[in-house]
Amino acid sequence: MKVRDLLDAKGKEVVSIDAGSSVEDAIRLMHSRKISALMVTNSDKTAGIFTERDVVRCYVSKEEGKKFREISVRDAMIKDLIVAEQKDDISDVMSIMVEKNIRHLPVVDGGKVIGMLSIRDVIQTQVGKLTSEIHYLKDYISGSYT
């Protein structure tokens, strides 16, 4: 299965926040949308990604003692993005996410973010595929496959 197929199935909505917004604004947006990662934009261009992990990092980092409304997303986001492309295989994407210890992977097309994959999306897809294969093999072994 390709990233394109997974995005078609789950949807391509990308929720973003401006880099000048506060971490508190980002937390509230993630909570209201029931998501755990936001793309960060600066003048309508992708500037980075902000995730739940970044909330924890900014709490215990140099920003310790500041209120979340006093910290800009720009100062807490991850700037060096690891991304997937639509043509990438889901197995390869899963390997990258595990190797790099990341839970959210923006999907780009022509340099523009067009979707977001979570490790949950990828694992659910792989589990579904394995479940189908197991079912097929059981039918084959039992002779009920025609």
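The phi torsions of segment 26-37, fed into the Karplus equation with coefficients 6.51, -1.76 and 1.60 and a -60° offset, translate into couplings of 5, 4, 5, 5, 4, 5, 5, 8, 6, 10, 10, 7 Hz, rounded to whole numbers, with Gly and Pro shown as x. To the nearest 10 degrees, how steeply does helix 119-142 sit against the main Cα axis of the chain, on a 0 to 90 scale? Computed tilt is about 10 degrees.
Largest mean-square fluctuation among E24, E85, E99, in a Gaussian network model of the chain whose springs join Cα atoms under 10 Å apart, belongs to E99.
For the chain, set up a GNM with springs between Cα atoms under 10 Å and report which of S61, S132, S72 has the largest fluctuation. Comparing S61, S132, S72 in a Gaussian network model of the chain, the most mobile one is S132. With contributions of -39500 (n - 2.57) from each DSSP H run of at least four residues, the per-residue ellipticity at 222 nm computed over the chain stands at -14000 deg cm²/dmol. The modelled label-to-label distance for the pair E70/N42, using points 7 Å beyond Cα in the direction of Cβ, is 2.3 nm. Computed from the C-beta positions of K10 and I134 and an R0 of 25 Å, the FRET efficiency is 0.65 to the nearest 0.05.
Normalised by 2.2 N^0.38 Å, where N counts its residues, the alpha-carbon radius of gyration of segment 3-142 equals 1.22. Taking amide H as placed 1.01 Å from N in the peptide plane, I114 has its amide H under 5 Å from the amide H of V107, V108, D109, each at least 5 places away in sequence or on another chain.
Treating r as the C-beta distance of Q86 and R33 and R0 as 25 Å, the FRET efficiency rounds to 0.60. Of the peptides 51-57, 101-107, the ranking by mean beta-carbon count within 10 Å, highest at the top, reads 101-107, 51-57. Computed about its Cα centre, the charge dipole of the chain is approximately 280 debye, with only Lys, Arg, Asp and Glu carrying charge at their Cβ. Longer than 29 Å from Cα to Cα, which of K79/K129; K12/K66; K10/K67; K2/K100; K87/K129; K34/K112 are they? Say none if no pair is. Beyond 29 Å: K79/K129; K12/K66; K10/K67. Look at the alpha carbon pairs under 8 Å that are at least 6 residues apart: their mean separation over the length of segment 79-146 gives a relative contact order of 25 percent.
Coordinate-derived values only; no laboratory data. Here the structure is a predicted model, which means the values were calculated and not measured. So basically every Cβ, Gly included, is an ideal-geometry build from the backbone, and we count neighbours across all protein chains shown.
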